[in-house]
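Reviewing the structure listed below.
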Amino acid sequence: MNRRIAKIAALGIALAVMVGGAVSAQTVNYLNFSGSGDNLKYLEQMRGIFEQKNPGIKVNIETLSFGDYFTQLQTRVAAGTAPDCFELNYENFVTYAKKDVLLDLGSNFKETKFDVSVLSSKALAAFSVDGKQYGLPSSFSTVLLIYNKDLFDKAKTAYPNDSWTWKEEQAAAEKIRALGKDIYGISHPIQFWEFYKVVRQNGGSLLSADGKRFTVDTAQNVETLTFMADRLNKSNVMATQKQMAGMGDWDLFKAGRLGMIVTGVWAFPDFKRDCNFAWDVAVEPGNKAKATHFFSNGIVVSKTSKNAKAAIEWAKFMASSKEAAMIRVDAGWELPAITDATVLAAYEKMTPPANKKAVFKSLDYLVTPPVVEQSQEMVDILNAQLEAARDGKKTPAEALSDAQKELSFKIKL
Amino acid sequence: MRLSSTDFRGAVPAGRARSRGRAGRCTVAIKKRASAWTTFLFLAPSLVGLLAFSILPMAASLVLGFTRWDGLKPIRWSTVREMWVGLGNYAAILGDAEFWRVLSNTSYFIVLYLPLILIASISIALLLNRKKPLISAYRVIYYIPVLCSWVAGALIWKWILSPQYGLLNNILALVGIEGPAWLQDERWAMPGIVLASIWKDAGYFGLIFLGGIQGIDPSYYEAAELDGASRIQKLFRITLPLLTPTIFFVVVICVINSFQLFPQVMVMTSNGGQGAGGPLGATQVMVERIYSYAFKYYKMGYAASWSWLLFIIIFAVTAIQMRLQKKWVYYEA
């Protein structure tokens, strides 16, 4: 009797495993953070269209908040239960790519004749490391120069344009600063994500050309940081912490007391709602070269995924399809990194700002931070020193020299 | 390793624990003979938890501390061998100025926190020891911060300490003092965190001291009153000496907790996604570093070594305190 029960149970388990196996062959587990909150409904829309177009594939979406995401993901990858497909922001992407846990998508692209030209080449390149395409950019946000047209008019200064360099920007900032005691020319935060880019605008670099050592404390980079810090402490076209009196720079801009602000496209909805003056955007000025920064989320496929093929299809759909892109644009949920003219036209129609072209044009000058396995550690080390220079605790030369020492000591290149 | 104040929260206040402990040994003795299996069965639920979530991770962290595991690669024997660095992590940590800076930050916290928490919690205990109407209500009120989650408490303190609009600086302004920028100023950030910690912990230790004070035999006070002792004399000659066992317990727990300082630093000093421990690393403490190395920098092996160093430090400091207690703790009540 007991044996018979055992046999039946074993058969049942075997069947369940087979059925389960068959189902999971077509189920892609997708872990993400950017869909948390209000955006989940747009993600669901994208899945609906994808599953309609790919009847053999089901996508199982799991969304975590950004705060929980990376510890959870780390645990799952370490435990060998990584989701088939998951989202990584650019900053973490580099670390994961270097840790050899992601699948190289290149061969699949060749096999399926995937046309990568539908994606912005710079954004795509950001998600490749050592010549391997480990991810696809699913969304991005560029950082631009946003300016208050009314203050420019009052200061009788021409609006920023693509030919502007630091010099014109500084001159305009000084003229606007002269408008009043409480009016400031520009806000350009002094922190890593700005600094590495401004360094490139000045023709410098944080790493040597062969990528084997840090070059943080070169004379050229000291000049760059001095330029940034002087705006606070010398020309004071930028408000110091004390002058801000607890206000954020967005608030200062919205209050009509700030001529220019270097920030991302995610400020548009806020500014649209709260600014009762005319404003527009421009590609950020450079000095010796133009260089811009973007925040981007990419979709990657786990190296250990058993459904890699289906997972890559989902990744491609999310990153490159017109349908997903239109849902994104309509929802104002960051931007798709695609080159499709109709999608871009739809985006450009939504104003202000009038110069929406600059959002995509900024992608042409994209520079990415040094590709280092210990990426977050590098950012924290540099940030601590930049903060010291910003607050006048160290001169730019001292701060960068200390950063160089600590980085060389701690970061393996 | 995973000692936290909560491990002691259930404990009886020290003053009482001792007196009850002596009697306990005979009363709690199991009179009836139960089979070892039954005992084990009843213990199993918590044993399993202890094994899975404390003992095993601790053993694993000891091994991992000798590797450069990144927290991502699945662990197999072969990978452990491949990642083995021996004492390399420990040498790197001790050879880095960061370790000594972090240790001195922690010591600074202890130097500020320990005297203040003793004064604050003994004062609270003395206040709450009086027979006044509504005294139990006050006891509850002082205990509320203990029940409050650290995240919520730290967020409130972030606001209290805010330079322009904060409660504290506005109060200081009333008496003509221009308060510092607290959490934005590297000289004042740690004192700011100490203030928040005192607020949070004083009620808890106050209650422990209250237990200690109420355990003192009233006949001592009666005798002193007959001899005409003043209130101050009674406090310094009777209450405090007889309270030393409780003070000792509180000091030990406070020092252990101080080395494990973490949530208040994480919440109060992180700014918009940037790392905690600022400004200029002034509030970087050991657990904050361990967390950063493990979950932000993907250096799990290195973080494991840090936590074992933390364990050794706590163990050594506590052992020293245990030795020194003979010199100042009176057990003959």
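The values are calculated or read from the model by the stated rules, or taken from the named source; none is laboratory data. Fair warning: this is a prediction, and the values are worked out from it, not measured in the lab. Methodologically, a virtual Cβ is constructed for each residue, glycine included, from the backbone with ideal geometry; neighbour enumeration extends over all protein chains shown. These area figures cover heavy atoms from the full protein model, side chains too; ligands, DNA and RNA do not enter into them. Shrake-Rupley method; radii C 1.70, N 1.55, O 1.52, S 1.80 Å.
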Output ordering of A:160-167, A:202-209 (per-residue mean of other Cβ within 10 Å, highest first) is A:202-209, A:160-167
Spin-label proximity, A:K306 to the range A:28-65 - amide N less than 13 Å from point 7 Å beyond Cα toward beta carbon = A:28-29
FRET efficiency for A:W193 and B:D96 from the Cβ-Cβ distance with R0 = 35 Å, rounded to 0.05, comes out at 0.85
Relative contact order of chain B, pairs being alpha-carbon contacts under 8 Å that are 6 or more residues apart, as % = 28 percent
Could you tally the net charge around A:V367, taking each other residue with its Cβ under 10 Å from the Cβ of A:V367, Lys/Arg +1 and Asp/Glu -1?
-> +4
Given +1 on the Cβ of Lys and Arg, -1 on the Cβ of Asp and Glu, and no further charges, what dipole in debye does the range B:55-203 carry about its Cα centre, rounded to the nearest 20?
-> 620 debye
From the cross-link list A:K234/A:K394; A:K167/A:K394; A:K234/A:K393; A:K167/A:K349; A:K149/A:K272, the entries with a Cα-Cα span beyond 21 Å are A:K167/A:K394; A:K167/A:K349
Expected unfolding gain across A:N89-A:D340 under the 0.36 nm per residue rule, minus the alpha-carbon gap, is 88.1 nm
State the extension gain, in nm to one decimal, for the chain segment bounded by A:M350 and A:T395, taking 0.36 nm per residue of separation less the distance between their alpha-carbons.
-> 11.8 nm
At a 1.4 Å probe, what is the % contribution of carbon and sulfur to the accessible area of chain B?
-> 68 percent
Distance in Å, no decimals, from the C-alpha centre of the range B:191-256 to the one of the range A:87-118 is 63 Å
So how much accessible surface do A and B hide from each other in total, probe 1.4 Å, in square angstrom to the nearest 100?
-> 2200 Å²
Excluding residues fewer than 8 positions from A:K154 in its own chain, the lysines with Cα under 18 Å of it are A:K175, A:K181, A:K254
Taking N as the residue count of the protein assembly as shown, its alpha carbon Rg divided by 2.2 N^0.38 Å gives 1.14
For A:K412, which lysines qualify as cross-link partners when the Cα separation must be under 25 Å and same-chain residues fewer than eight apart are set aside?
-> A:K98, A:K99, A:K132, A:K197, A:K212, A:K303, B:K73, B:K296, B:K299
Return the single residue from B:T318, B:T246, B:T79 with maximal mean-square fluctuation; model: Gaussian network over chain B, springs between Cα atoms under 10 Å.
-> B:T79
Just tell me which aspartates and glutamates come within less than 19 Å, Cα to Cα, of A:K316; anything on the same chain fewer than 8 places away is out.
-> A:E44, A:E51, A:E62, A:D84, A:E87, A:D104, A:E111, A:D115, A:E334, A:D340
What is the extension gain from A:E323 to A:K110, computed as 0.36 nm multiplied by their sequence separation minus the C-alpha to C-alpha distance, in nm to one decimal?
-> 74.4 nm
If you roll a 1.4 Å probe over chain A with all protein chains in place, what percent of the accessible area is carbon or sulfur?
-> 55 percent
Quick one: work out the % antiparallel among DSSP beta bridges in the protein assembly as shown, nearest 5.
-> 70 percent
Could you give me the percent of Cα pairs per 10 Å distance bin for chain A, shortest bin first, beginning at zero and ending with the bin that holds the maximum distance?
-> 4, 20, 27, 24, 14, 5, 2, 1, 1, 0
Semi-axes of the range B:90-328's equivalent ellipsoid from the Cα gyration tensor, sqrt of 5 times each eigenvalue, largest first, rounded to whole Å?
-> 36, 24, 15
Return a whole-number percent for the relative contact order of the range A:108-212, with Cα pairs under 8 Å and 6 or more residues apart as the contact set.
-> 11 percent
Heavy-atom accessible area per residue - the range B:90-328, 1.4 Å, Å² = 48 Å²
So what does the Cα-only Debye profile of the range A:291-360 read at q = 0.20, 0.25, 0.27 Å⁻¹, as log10 I(q)/I(0), no solvent term?
-> -0.88, -1.16, -1.26
So, with points 7 Å from each Cα along the Cβ direction, the A:A125-A:K212 label distance in nm works out to 2.4 nm
Counting only complete DSSP H runs, which helices of chain A cover 18 Å or more along their long axis at the Cα atoms and score a mean Kyte-Doolittle of 1.0 or above?
-> A:2-24
Considering amide H positions built from the backbone, and no H for Pro or chain starts, which residues 5 or more places from A:L366, or on another chain, come under 5 Å of its amide H?
-> A:T292
Run the quick spin-label model on B:D217 and A:S117: label points 7 Å from Cα toward the beta carbon, then report their separation in nm to one decimal.
-> 9.8 nm
Based on DSSP H assignment, which helices of chain B show an axial Cα extent of at least 30 Å together with a mean Kyte-Doolittle hydropathy greater than or equal to 0.0?
-> B:97-128, B:189-214, B:300-328
Looking only at B:Y221, B:Y142, B:Y291, which one moves most when chain B is put into a Gaussian network model with springs between Cα atoms under 10 Å?
-> B:Y221
At a Förster distance of 25 Å, what's the computed FRET efficiency of B:V151 paired with A:M247, Cβ-Cβ distance as r, to 0.05?
-> 0.50
What 222 nm value per residue comes from the helices of chain A, counting each DSSP H run with n ≥ 4 as -39,500 (n - 2.57) and dividing by all residues, nearest 500 deg cm²/dmol?
-> -14500 deg cm²/dmol
Counting sequence-distant residues (5 or more places) and residues on other chains, those with an amide H built under 5 Å from that of B:T67 are B:V85
If every Lys and Arg gets +1 and every Asp and Glu gets -1 at its Cβ, then about the Cα centre the protein assembly as shown yields a dipole, in debye to the nearest 20, of 2580 debye
Which residue, A:K53, A:K309, A:K242, tops the fluctuation ranking in a GNM of chain A built on C-alpha contacts under 10 Å?
-> A:K242
Alpha carbon centroid spacing (whole Å) that separates the range A:291-342 from the range A:373-390 = 30 Å
